Amino acid sequence: MYLIAIIIGYLFGCLQWSYILSKTFLNVDIRTLGAGNAGASNTVISLGWKWGVLVGILDILKAIISIFIIKYLFKISFIEENSFFLYLNGLFVILGHDFPFFMNFKGGKGAASLLGILIGLNYKLGILGFFVILIITILANYIALGTLGLNILLVLSAIYLNMGLNSIIISLIILFIGIYLHIPNIQRILNKTEKGLRDVLKKKAQNI
């Protein structure tokens, strides 16, 4: 059961849609543009909001589908003792997205996939997660901070809903991965060199 949850999660995570779509339709490696990573936020910055939204939706869906497959195979509801397998599967979706084997382990940062995990766990958590990342991003003006808020929500929800120590540990691992991958963003924010959401939207509006 552990191996099934891990393998399914990692393989779905490796569906790196920003890289696949940019390579297939635009003949460009998304990692050579913008922030240099493969993810929905960098796709918005580098290729425009239409491509970014499409990538975001697909990254959300891959996580939801992966979680739902585990729910079906293991006959798991959300708040059950063995819901740890859902968190384990979610962790490896994130690892597959962030470190895909076919891209020399250089992928994205997992914001959209994490939202998909929350939706897959429980749609109410997913709705809450959507508003958390949206509100923090708008107020703080940085997508990176909204993403970290989403990571913190995963941990706090696991604690509040008493999902068990193992699930809480998994949530903390996902949080630490998120913090580690966003260190360059945090440094740029402190140095005031990070592109803010309003700057990106303003630039896109000028180009329309």
Inset, instruction - Considering only segment 132-204, give the helices (runs of 4 or more DSSP H) lying wholly within it that have at least 3 residues that are touching a residue at least 24 places away in the same chain (Cβ under 8 Å) and touching a Leu at 6+ places or on another chain (Cβ under 7 Å). - result: 143-160, 165-181
Inset, instruction - Go through segment 130-179 and give me each residue that's farther than 22 Å from residue 88 by Cα and of a type in the set (A, V, I, L, M, F, W, C). - result: 131, 132, 133, 134, 135, 136, 138, 139, 140, 143, 144, 145
Inset, instruction - For residue 167, work out the one condition from (1) under 22 Å from residue 144 (Cα atoms); (2) of a type in the set (S, T, N, Q); (3) modelled with pLDDT of 90 or more it doesn't fulfil. - result: (1)
Inset, instruction - Please verify whether segment 104-124 includes one or more residues that are at pLDDT below 95, among the hydrophobic types (A, V, I, L, M, F, W, C), over 29 Å from residue 21 (Cα atoms) and in contact with a Phe, Trp or Tyr (Cβ under 9 Å, 6 or more places away or on another chain). - result: no
Legend entry - Boolean, residue 145 is within 23 Å of residue 12 (Cβ to Cβ) and not small (Gly, Ala, Ser): no
Inset, instruction - Answer with yes or no whether residue 147 is open to solvent by less than 20 Å² (accessible area, probe 1.4 Å), under 11 Å from the mean Cα position of the chain (by Cα), among the polar types (S, T, N, Q) and closer than 19 Å to residue 39 by Cβ. - result: yes
Inset, instruction - Select from segment 108-131 the residues that are in contact (Cβ under 8 Å) with a residue 40 or more places away in the chain, open to solvent by 10 Å² or more (accessible area, probe 1.4 Å) and over 11 Å from the mean Cα position of the chain (by Cα) and write down the one among them that is nearest to residue 176 (Cα to Cα). - result: 119
Legend entry - Flag if residue 167 is out of contact with any Gly (no Cβ under 6 Å at 6 or more places or on another chain), of a type in the set (S, T, N, Q) and buried (at least 21 other Cβ atoms within 10 Å of the Cβ): yes
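The values are calculated or read from the model by the stated rules, or taken from the named source; none is laboratory data. All values derive from a computational prediction rather than experimental measurement. Cβ sites come from the backbone with ideal geometry, for glycine too, and all protein chains shown count toward neighbours. What goes into the accessible areas is simple: the full protein's heavy atoms, side chains included, and nothing from ligands, DNA or RNA. Shrake-Rupley method; radii C 1.70, N 1.55, O 1.52, S 1.80 Å.
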